[in-house]
Amino acid sequence: MIKVSEFISKDRIKIFEKGSEKKEIINKLAEMISKSDNVENKDKFIKDIWERESIMSTGIGLGIAIPHARSKYIKDIVISIGIAKDSIEYDALDGKPVSFIVMIAANESQQKEYLRVLAKVALILKSKKKREKLLSANNIDDVYEVFKLI
C-alpha cells in the first residue's frame, strides 16, 4: 500500500504569505522537488510541469491545485506542498482561488503508483477538516502532520 508520506519531507513544504502568485508558487514547489536526489535534470523537469499545466489547469476545485507531471527526468515519486495563506488566482476548474497546492513528480514508467498517489492526495485535500487544519497551520511541522500518517 502506497503512503503519500513516503514521498514528502519537511524541506519540501512551504507556507506562502500574502501576495504570492501561481507562477511563483509552482516554480518554488518545482525548485524544492528539484533538490531531491530523484531529479536528474531540474530545468527539463520544470519544463514538464509547465507543459502539463498548459494542457489544462491543475486547479481541481475546493481551493485545491495538484500540479503534476510524469517525467523521464524523475527517478521516483517526489511531492512538494504549498499552502497559500491568502488564496491565489489559479484558473481552477471551478473558477475559485486556490490555497492548497501539492506538486507531484514521478517517472514516466510509474503510471500506476502515480495515479494512486494523485488520488490519495486529492482524497486528503477533499476533507474539509484537513483543509481547515492546513489553513490554520502556523509552521511546516503543522502541515507535515496532516500528511504524515497517510
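Criterion applied to Ile74, Ile81, Ile104, Ile66 was being more than 18 Å from Phe147 (Cβ to Cβ), at pLDDT 95 or above and aliphatic (A, V, I, L, M), and the one residue passing it is Ile74.
Here is a yes/no grid of residues against (1) in contact with a strand residue (DSSP E or B) (Cβ under 6 Å, 6 or more places away or on another chain); (2) assigned to a helix (DSSP H, G or I):
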{"residue": "Lys44", "(1), (2)": "no, yes"}
{"residue": "Glu51", "(1), (2)": "no, yes"}
{"residue": "Ile81", "(1), (2)": "yes, no"}
{"residue": "Val121", "(1), (2)": "yes, yes"}
{"residue": "Ile150", "(1), (2)": "no, no"}
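Out of all the residues in the range 17-24, is one or more under 18 Å from Ile77 (Cα atoms) and outside any strand (DSSP E or B)? No: zero hits.
Check Val98, Val4 and return the single one that is surrounded by 14 or more Cβ atoms within 10 Å (Cβ to Cβ), among the aliphatic types (A, V, I, L, M), modelled with pLDDT under 95 and closer than 19 Å to Lys128 by Cα. Spell out the reasoning first.
Working: Val98 fails: modelled with pLDDT under 95.
Within the list Val98, Val4, the selection yields Val4.
Only one of the listed residues (Ile55, Ile83) is touching a residue at least 60 places away in the same chain (Cβ under 8 Å) and of a type in the set (Val, Ile, Thr). That residue is Ile83.
Consider Glu113 carefully, then state whether it is surrounded by 13 or more Cβ atoms within 10 Å (Cβ to Cβ) and more than 14 Å from the chain's Cα centre (by Cα).
Details: surrounded by 13 or more Cβ atoms within 10 Å (Cβ to Cβ): yes; more than 14 Å from the chain's Cα centre (by Cα): yes.
In short, yes.
Filter the range 95-119 down to the residues that are in a helix (DSSP H, G or I), of a type outside the set (A, V, I, L, M) and either farther than 17 Å from Lys3 by Cα or without any contact (Cβ under 8 Å) to a residue 12 or more places away in the chain (or both) and list them by number. Residue satisfying the conditions is Lys112 alone.
For the range 139-150, a tally of residues being more than 19 Å from Pro67 (Cβ to Cβ) and without any contact (Cβ under 8 Å) to a residue 40 or more places away in the chain returns 2.
Does Ser36 count as within 22 Å of Gln110 (Cβ to Cβ), touching a residue at least 24 places away in the same chain (Cβ under 8 Å), small (Gly, Ala, Ser) and in a loop (DSSP other than H, G, I, E, B)? Steps first, answer last, please.
On the way: within 22 Å of Gln110 (Cβ to Cβ): yes; touching a residue at least 24 places away in the same chain (Cβ under 8 Å): yes; small (Gly, Ala, Ser): yes; in a loop (DSSP other than H, G, I, E, B): yes.
Judged against the criteria, Ser36 is a match.
Restricting attention to the range 100-120, the residues that are touching a helix residue (DSSP H, G or I) at 6+ places or on another chain (Cβ under 6 Å) and over 16 Å from Asp76 (Cα atoms) add up to 4.
Select from the range 70-95 the residues that are farther than 18 Å from Glu24 by Cα, small (Gly, Ala, Ser) and surrounded by 17 or more Cβ atoms within 10 Å (Cβ to Cβ) and list them in ascending order.
Ser71
The values are calculated or read from the model by the stated rules, or taken from the named source; none is laboratory data. Treat the numbers as computed from the prediction; the structure is a model and nothing was measured. All Cβ positions, glycine included, derive from the backbone under ideal geometry; neighbour counts span all protein chains shown.
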